[in-house]
1. Specify the residue that is farthest from Ile52 (Cα to Cα); the eligible residues are those in the stretch 90-131 that are assigned to a helix (DSSP H, G or I) and free of Cβ contacts under 8 Å to residues at least 24 places away in the same chain.
2. Glu189 is checked against (1) acidic (Asp, Glu); (2) open to solvent by less than 40 Å² (accessible area, probe 1.4 Å); (3) assigned to a helix (DSSP H, G or I) and fails just one. What number does that condition carry?
3. What's the total number of residues in the stretch 157-167 that are under 17 Å from Val204 (Cα atoms) and either modelled with pLDDT under 95 or aliphatic (A, V, I, L, M) (or both)?
4. Looking at the stretch 162-186, which of the residues that are in contact (Cβ under 8 Å) with a residue 12 or more places away in the chain and part of a helix (DSSP H, G or I) is surrounded by the fewest Cβ atoms within 10 Å (Cβ to Cβ)?
5. What number of residues within the stretch 225-237 are touching a residue at least 12 places away in the same chain (Cβ under 8 Å) and either assigned to a loop (DSSP other than H, G, I, E, B) or of a type in the set (Lys, Arg) (or both)?
6. Which one is least open to solvent (accessible area, probe 1.4 Å), of the residues in the stretch 238-263 that are among the charged types (D, E, K, R) and either assigned to a helix (DSSP H, G or I) or under 13 Å from Arg5 (Cα atoms) (or both)?
7. Starting from the stretch 1-26, take each residue that is free of Cβ contacts under 8 Å to residues at least 24 places away in the same chain and list its partners that are not acidic (Asp, Glu), counting only C-beta distances under 6 angstrom and pairs at least six apart or across chains.
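The values are calculated or read from the model by the stated rules, or taken from the named source; none is laboratory data. Please read all numbers here as calculations on a predicted model, not as lab measurements. All Cβ positions, even for glycine, are placed from backbone atoms using ideal geometry, and neighbour counts span all protein chains on display. Just the protein is used for accessible areas: all its heavy atoms, side chains included, with ligands, DNA and RNA removed. Shrake-Rupley method; radii C 1.70, N 1.55, O 1.52, S 1.80 Å.
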Amino acid sequence: MLRPRIIPCLLVHKGGLVKTQQFKAPKYVGDPINAVKIFNEKESDELMVIDIDAAVNKVEPNYALIAKLAAECRMPLCYGGGVTTAEQAARIIDLGVEKVSVSSAAIADPSLLGRMAEAIGRQSVVAVLDVRKKSGLFSRGYELCSHNAKTTHKLDPVAFARQMQDAGAGEIVINSVDRDGEMKGYDVEFARQMRAALKVPLTVLGGAGSLDDVSELLGACGVIGAAAGSLFVFKGQYRAVLINYPTPQQKDDLCRAALRSHSKL
């Protein structure tokens, strides 16, 4: 039976593990390899690792780091950052990674997703959409961003997600710029809109501050991925660095309760 996935998302900046708030002010929180080892022990469903420097600096993926991560990781691993060609994606898969994510490169050339799907299989192609609410007194809705939210695109995120799906993405990740690192809950309503628009698996990232937030998201959207960064690297109101993840029993109880809630909608 299909079940929700609870996914830690790790950001890599200058070789270290960091956490941002609204895509700004990266705070160093440790070594990414050590974090992977801990998430192995805690039996995480899956792991996302995003190099937030590569696309901005227009450099290739850090294959040496990817090889180390893949060798250590005992769960499905999704890697993103700097991928602009199907050949790069294939090289990453050959290193032992299960999924490759793209963001700005797919916005610039949606056909990249189709070429990646041919090279590594559609199930391994992930499109990440960085989304934020439009600003301004009379502005409504959401806008699509890239390059650590420094670039804005005149594209409707929901329509573009469908385009990414049709182009070859096997999974869509929506990442809330506004809620990144805020730990005040997911944008559940927008997640519902995106879930209703898509046929491929959806993962939602940005805003989780507690397992109750994860439960609310899954209760609203059903079988999707609930990804989080701050929730799994910080503890307490002072945000002390502590890698954490729900126990298998906590995770099972949370998912069962959330899916029961969703079935009543």
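1. Here is the first cut: in the stretch 90-131, the residues assigned to a helix (DSSP H, G or I) are 90-94, 104-108, 111-120, 122-124.
Pick out the ones that are also free of Cβ contacts under 8 Å to residues at least 24 places away in the same chain and you get 94, 108.
Numbers: Asp94: 22, Ala108: 17 Å.
Among those that are assigned to a helix (DSSP H, G or I) and free of Cβ contacts under 8 Å to residues at least 24 places away in the same chain, it is Asp94.
2. Going through the list (1) acidic (Asp, Glu); (2) open to solvent by less than 40 Å² (accessible area, probe 1.4 Å); (3) assigned to a helix (DSSP H, G or I), Glu189 breaks only (2).
3. Residues of the stretch 157-167 that are under 17 Å from Val204 (Cα atoms), as a first pass: 157-162, 164-165.
Now restrict to residues that are either modelled with pLDDT under 95 or aliphatic (A, V, I, L, M) (or both): 158-159, 161, 164.
Here the count works out to 4.
4. First, the residues of the stretch 162-186 that are in contact (Cβ under 8 Å) with a residue 12 or more places away in the chain: 162-165, 167-186.
Adding the requirement that they be part of a helix (DSSP H, G or I) leaves 162-165, 167.
On the way: Arg162: 18, Gln163: 16, Met164: 24, Gln165: 20, Ala167: 19.
Once the filter is applied, the top-ranked residue is Gln163.
5. Taking the stretch 225-237 first, the residues touching a residue at least 12 places away in the same chain (Cβ under 8 Å) are 225-234.
Pick out the ones that are also either assigned to a loop (DSSP other than H, G, I, E, B) or of a type in the set (Lys, Arg) (or both) and you get 229.
Count: 1.
6. First pass over the stretch 238-263, keeping only residues among the charged types (D, E, K, R): 239, 251-253, 256, 260.
Restricting the remaining residues to those that are either assigned to a helix (DSSP H, G or I) or under 13 Å from Arg5 (Cα atoms) (or both) gives 251-253, 256, 260.
On the way: Lys251: 17, Asp252: 44, Asp253: 79, Arg256: 137, Arg260: 136 Å².
Per the stated criteria, the residue is Lys251.
7. Sorted first by the residue in the stretch 1-26, then by its partner, the pairs are Gly16/Tyr28.
Matching residues to (1) of a type in the set (Gly, Ala, Ser); (2) in contact with a His (Cβ under 8 Å, 6 or more places away or on another chain); (3) on the phi > 0 side of the Ramachandran plot; (4) at pLDDT 95 or above:
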{"position": "Glu43", "(1), (2), (3), (4)": "no, no, yes, yes"}
{"position": "Val56", "(1), (2), (3), (4)": "no, yes, no, no"}
{"position": "Asn62", "(1), (2), (3), (4)": "no, no, no, yes"}
{"position": "Lys68", "(1), (2), (3), (4)": "no, no, no, yes"}
{"position": "Pro76", "(1), (2), (3), (4)": "no, no, no, yes"}
